[in-house]
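*Asks:* Right, I'll just put the structure down here and ask away after.
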Amino acid sequence: MFESLKQWDRDLFVFLNSLGGESFDSFWLFTTRIEIWIPLLIFFGFLFFYYYKGRKALVALTFLVLTFAATYLFTLLVKDYVGRLRPNNVEAFAELIRILQQPNSYSFFSGHASSSFAITTFVVLMLRNYTKWIYLAYIWPIIFVLSRIFVGVHYPSDIFVGALVGTVFAFVFYKLCKKIIEKESLVLHS
């Protein structure tokens, strides 16, 4: 069964990667770069200060950074432990896929997926009671992770597991953050 899942994952990757075309290459190469999304991340920080004010905003921002850091470190540990080659480094794929990037680090699971879903989920959980528009923030990680398939560096399972891990980390840190903010509110009101 495990071999069947691996084969399905590879077949799905080859299929999705083949949907890319030269006319979209520059878009995928642009969107896959982390620094392109810095203005969005700054906007998330601004929203924390807009809705939470003062010390609560600082707590929320601190926990956002902790969510990212913990997710990123866990991702690196798992990548090194599992040691799965990226599709762009698998010789059998050389003639089957479009490769737009050549990273040499391991593939499982996607750091782009885990980090972007951790950040986005944390932000959505923190702000969902203030604005329903915040759910549109999920457009970012979806585009971000799709880029990883189209540039030829991640399997769908890398993306799926990374998104799941990031989401779990976000929920854990959200719960911790809310407890601290509630304690902060009690201290300020007593």
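The values are calculated or read from the model by the stated rules, or taken from the named source; none is laboratory data. Please read these numbers as outputs of a predicted model, since none were measured by experiment. Positions of Cβ are backbone-derived with ideal geometry, glycine not excepted, and every protein chain shown enters the neighbour counts. For accessibility, only protein heavy atoms count, side chains too; no ligands or nucleic acids. Shrake-Rupley method; radii C 1.70, N 1.55, O 1.52, S 1.80 Å.
*Asks:* For the subset of region 15-26 comprising residues that are closer than 16 Å to V153 by Cα and polar (S, T, N, Q), which member is nearest to the chain's Cα centre (by Cα)?
*Replies:* Only one residue fits best here, namely N17.
*Asks:* Please enumerate the residues belonging to region 150-179 that are open to solvent by 10 Å² or more (accessible area, probe 1.4 Å), within 30 Å of R10 (Cβ to Cβ) and not hydroxyl-bearing (S, T, Y).
*Replies:* Hits for region 150-179 are F150, P156, I159, F160, V161, A163, L164, V165, V168, F169.
*Asks:* Does any residue in region 102-118 that is in contact (Cβ under 8 Å) with a residue 24 or more places away in the chain and open to solvent by 10 Å² or more (accessible area, probe 1.4 Å) come within less than 9 Å, Cβ to Cβ, of a residue that is among the aromatic types (F, W, Y) and assigned to a loop (DSSP other than H, G, I, E, B) six or more places away or on a different chain, and which pairs are these?
*Replies:* These pairs meet every condition: F108/Y155.
*Asks:* Same structure, new question: From S105, S116, grab the single residue that is closer than 29 Å to G21 by Cα and modelled with pLDDT of 95 or more.
*Replies:* S116
*Asks:* In region 64-122, what residues are among the charged types (D, E, K, R) and out of contact with any Gly (no Cβ under 6 Å at 6 or more places or on another chain)?
*Replies:* If we filter region 64-122 for residues that are among the charged types (D, E, K, R), which is where we start, we get 79-80, 84, 86, 91, 95, 98.
Of everything in region 64-122, those that are among the charged types (D, E, K, R) and out of contact with any Gly (no Cβ under 6 Å at 6 or more places or on another chain) turn out to be K79, D80, R84, R86, E91, E95.
*Asks:* Then there is this: Determine which single condition Y51 fails, assuming it passes every other condition in (1) open to solvent by less than 50 Å² (accessible area, probe 1.4 Å); (2) assigned to a helix (DSSP H, G or I); (3) hydroxyl-bearing (S, T, Y).
*Replies:* Going through (1) open to solvent by less than 50 Å² (accessible area, probe 1.4 Å); (2) assigned to a helix (DSSP H, G or I); (3) hydroxyl-bearing (S, T, Y) one by one, Y51 breaks only (1).
*Asks:* Might you let me know whether region 148-155 holds any residue that is charged (D, E, K, R), touching a residue at least 12 places away in the same chain (Cβ under 8 Å), over 18 Å from S105 (Cα atoms) and part of a helix (DSSP H, G or I)?
*Replies:* no
*Asks:* Can you pull out the residues in region 27-48 that are touching a residue at least 24 places away in the same chain (Cβ under 8 Å) and either in a helix (DSSP H, G or I) or over 14 Å from the mean Cα position of the chain (by Cα) (or both)?
*Replies:* At the first step, the residues of region 27-48 found to be touching a residue at least 24 places away in the same chain (Cβ under 8 Å) are 28-29, 31-32, 34, 37, 40-41, 44, 47-48.
Residues satisfying the conditions are W28, L29, T31, I34, W37, L40, L41, F44, L47, F48.
*Asks:* Those residues that are open to solvent by less than 40 Å² (accessible area, probe 1.4 Å) and either acidic (D, E) or outside any loop (DSSP other than H, G, I, E, B) (or both), I need them from region 82-100; list them, please.
*Replies:* P87, N88, F93
*Asks:* Select, from F109, F117, the only residue that is in a helix (DSSP H, G or I) and of a type in the set (F, W, Y). Break it down into steps so the answer makes sense when it comes.
*Replies:* Details: F109 fails: in a helix (DSSP H, G or I).
Exactly one of F109, F117 is in a helix (DSSP H, G or I) and of a type in the set (F, W, Y), namely F117.
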